[in-house]
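The values are calculated or read from the model by the stated rules, or taken from the named source; none is laboratory data. Everything numeric in this text was worked out from a predicted model, so none of it was measured. Heads up, the Cβs are rebuilt from the backbone with ideal geometry, glycines too, and the neighbour counts pull from every protein chain shown. For the accessible areas, the whole protein counts, side chains as well, though only heavy atoms, and no ligand, DNA or RNA atoms are used. Shrake-Rupley method; radii C 1.70, N 1.55, O 1.52, S 1.80 Å.
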Amino acid sequence: MKKITGAKIVLETLRYLGVEDIFGYPGGAVIPIYDALYDFKGINHYMTRHEQGAVHSADGYARTKKVPGVCLATSGPGATNLVTGIMTAHMDSIPLLIITGQVSTSFLGKDSFQESDIIGITSPITKNNYLVRDINELPTILIEAYMLSKHGRPGPVLVDIPKNIQEQVIEYSLFEKSLKKESKEIKKFKPTYDERDILTFKNYFNNSKKPVLVIGGGVLNGRCVDEVRELVKRTKIPVVSTLMGLGVFNRDDEGYLGMLGMHGLVEANRAVDDCDLLICVGMRFDDRIIGDKNRFSPNSKKIHIELDKAEIDKNIVVDLPIVGDAKEILKKILQLDLKDSFEIWRDRFKIAKLPKERELNQIATLSVLNEVLDDSYIVVTDVGQHQMFTAQHLDIRQPFQFCTSGGAGTMGYGLPAAIGAQIANPNKKVIAILGDGGFQMNQQELILLAQYNLPIKILIFNNGALGMVKQWQELFNNKRYSSVILDINPDFVKLGNAHFIEGEKIESIESLKRLKDILKNDKPYLVDIQMSYEHNVYPIIPAGKSYEHTIGGE
């Protein structure tokens, strides 16, 4: 009679779910799974050089392919090395299935070699997690975990599988029955709005004179881009975006004022500050958006369209919460008879065009990229000044074209996330925009570009500093630059060469035109762009302050 091991069940179930690619790093507690992988057909495994690289790669994969990313690590330090990446996905509502090995069940709770309570450690940063104690439950748990990660508000789910469960054997027929067996019903986010809320929306909207629409990452996760665009087109309402909502509109779209928040464009923040009605869709009023909560959009009524009722009134008390699926809510709103006479209000806000840069800096570099960028590109950033410059000045033209760590602000995210994005989208051109500080946090993942022939273009905005921290020390700590000046950096081009990646330095604004040719080739390439750390990212609203405290900069 045909038998199957727990390890093989893991792979067969993933294939059954449609998983094509996984990212991982082997270790003692997952040897049975890796042994099953040795000759398994239908799933590609990408071996990163650190578990954090694996989870960030799965994250970049998920964000750009719009399916859950999957990663695999061993117990103990292997599992705990995933924690930063799990938290990164959790903060931005990214669906991940994380599979960890664990010591055998007889060794649990005994401080065994490479034992860690990864369930307890990750409980606050996962939607759910599971410790498998019965091989017969393994297929059902994996299916449930995968479905839960993408259901409702997406997020990471972890499944911890002891080694002896991986090694156990059951009859194949039992496994097949488990696949067909209905997993227990996933608790749904129940809409709590009714038709009176939709009519109240209409009343608020039609009685407003200065409305503004704010869109967040939930517009992308909720697949309601078309409905949002139709609302803006029909009503001519000005619209601003959070960092996570970038790509729904592009810079040339009429009425789009750009990103709001701490490093938002002045016109976007001014519109929010001055409006009388603020309609927020799929965003969570985080502190980088609101600053001083007592002064945030002080004269407006506030409508919050949100799937997760836990976000309602958490940071800002709103006048009209509408809790449910944003796509369905917007469809109902589009059936209403809404005013469409906001051109005069909207046209008060004109985004100033910057003069052409005369020296090599972040804005000059991004201006060159804007001449090249089209829908075939995906742009991934790390975290810091370069990230904010990119969010402000790069013309992100399509949903899911921009990939970055928002809520967590995880340095070291960019390179492995770009790897995941490229694997998820082999026909796209992936650009990784990194700072010299964040790049060094996961530079070990460079070797994957050569190993898997990934034609990623790495652009290092090398200003010789931890730029964002340096900027804060400059503005708020009297220029007391403590441990932020990177006087001695590696030669990044030689580092790339050591990983079989060609590259070059750009040291003048005239040389920037080389980027156009570099981006056209089909090989991985590393560009070290030399910049001064004196260039700060403006505007900036100091933490905890409101719009009137904006520091404009040069």
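Within 10 Å of each candidate Cβ there may be at most 10 other Cβ atoms; applying that plus a DSSP loop requirement, which trypsin sites (Lys or Arg not before Pro) in the stretch 42-151 survive?
Qualifying residues, ordered by number: Lys110.
What stretch of the chain, leaving out the sites themselves, is the longest with no chymotrypsin sites (Phe, Trp or Tyr not before Pro) in a DSSP loop having at most 15 other Cβ atoms within 10 Å?
After excluding every exposed loop site, the longest remaining stretch is 114-451.
Average the reciprocal distances over every distinct pair of alpha-carbons in the chain, invert the result, and give the Kirkwood radius in Å.
Kirkwood radius, the chain: 24.7 Å.
From the protein chains alone at 1.4 Å, what is the descending order of accessible area for Thr48, Thr200, largest first?
Highest to lowest solvent-accessible surface, that is Thr200, Thr48.
Would you mind getting the accessible area per residue of the stretch 388-542, heavy atoms of the protein chains only, 1.4 Å probe, in Å²?
I get 40 Å² per residue for this part.
Specify which residue in the list Val228, Pro191, Val240 is farthest towards the positive end of the charge dipole of the stretch 185-241, using unit charges on the beta carbon of Lys, Arg (+1) and Asp, Glu (-1), about the Cα centre.
Of the options given, the answer is Val240.
When only C-alpha pairs under 8 Å and at least 6 residues apart count, what is the relative contact order of the stretch 149-260, in percent?
20 percent
Ranking request for peptides 441-448, 430-437, 322-329: highest mean number of other beta-carbon atoms within 10 Å first, then the rest in descending order.
430-437, 441-448, 322-329
What is the chain's relative contact order, in percent, from Cα pairs under 8 angstrom and six or more apart in sequence?
Normalised by residue count, the contact order of the chain is 14 percent.
When the accessible area of the stretch 99-250 is computed with all protein chains present and a 1.4 Å probe, what percentage of it is carbon and sulfur?
On the stretch 99-250, the fraction of accessible area on carbon and sulfur atoms equals 50 percent.
Taking Lys202 as the anchor, which aspartates and glutamates have their alpha carbon closer than 15 Å to its alpha carbon, excluding any fewer than eight residues away along the same chain?
Asp194, Asp276, Asp319, Asp337, Asp340
With every protein chain in place, what's the accessible area of Met87 (1.4 Å probe, Å², nearest 10)?
Approximately 70 Å² of Met87 is accessible to the 1.4 Å probe.
Can you give the Rg to Rh ratio for the stretch 170-274, taking only C-alpha atoms and Rh from Kirkwood?
Here the Rg-to-Rh quotient is 1.23.
Excluding residues fewer than 8 places away in the same chain, name every one of the lysines whose C-alpha is closer than 30 Å to that of Lys3.
By straight Cα distance, Lys3 reaches Lys41, Lys163, Lys177, Lys180, Lys181, Lys184.
In the stretch 334-388, carbon and sulfur make up what percent of the accessible area (probe 1.4 Å)?
Of all accessible area on the stretch 334-388, carbon and sulfur atoms account for 49 percent.
With an 8 Å cut-off on Cα pairs and a minimum separation of 6 or more residues, tell me the relative contact order of the stretch 464-554 in percent.
Computed value for the stretch 464-554: 24 percent relative contact order.
Using a Cα-Cα cut-off of under 19 Å, which aspartates and glutamates could be cross-linked to Lys470, ignoring same-chain neighbours fewer than 8 residues away?
Asp382, Asp436, Asp487, Glu534, Glu554
Please report, in debye to the nearest 20, how large the charge dipole of the chain is about its Cα centre when each Lys and Arg carries +1 at its beta carbon and each Asp and Glu carries -1 there.
940 debye
Magnitude of the Cβ-charge dipole of the stretch 273-356, K/R +1 and D/E -1, about the Cα centre, nearest 20 debye?
360 debye
What accessible area, in Å² to the nearest ten, does a 1.4 Å probe give for Val19?
Roughly 10 Å² of Val19 is accessible to a 1.4 Å probe.
Over the stretch 83-133, with the other protein chains present, what is the accessible area per residue in square angstrom, probe 1.4 angstrom?
It amounts to 43 Å² per residue over the stretch 83-133.
In whole Å, what is the distance between the alpha-carbon centres of the stretch 108-180 and the stretch 248-291?
The distance from the Cα centre of the stretch 108-180 to that of the stretch 248-291 comes to 40 Å.
With +1 on each Lys and Arg Cβ and -1 on each Asp and Glu Cβ, and nothing else charged, work out how big the dipole of the stretch 501-551 is about its Cα centre, in Debye to the nearest 20.
Around 160 debye, computed over the stretch 501-551.
What whole-number value in cubic angstrom gives the convex hull volume per residue for the C-alpha atoms of the stretch 266-371?
Once divided by residue count, the hull of the stretch 266-371 is 171 Å³.
Determine the per residue accessible area of the stretch 1-73 with all protein chains present and a 1.4 angstrom probe, expressed in square angstrom.
Ligands and nucleic acids excluded, the figure is 38 Å² per residue.
When the helix-only estimate is applied to the chain (DSSP H runs of n ≥ 4, each -39,500 (n - 2.57), divided by the residue count), what is the mean residue ellipticity at 222 nm, nearest 500 deg cm²/dmol?
Dividing the helical sum by the residues of the chain leaves -9500 deg cm²/dmol.
With all protein chains present, how much of the accessible area of the stretch 30-94 (probe radius 1.4 Å) comes from carbon and sulfur, to the nearest whole percent?
54 percent
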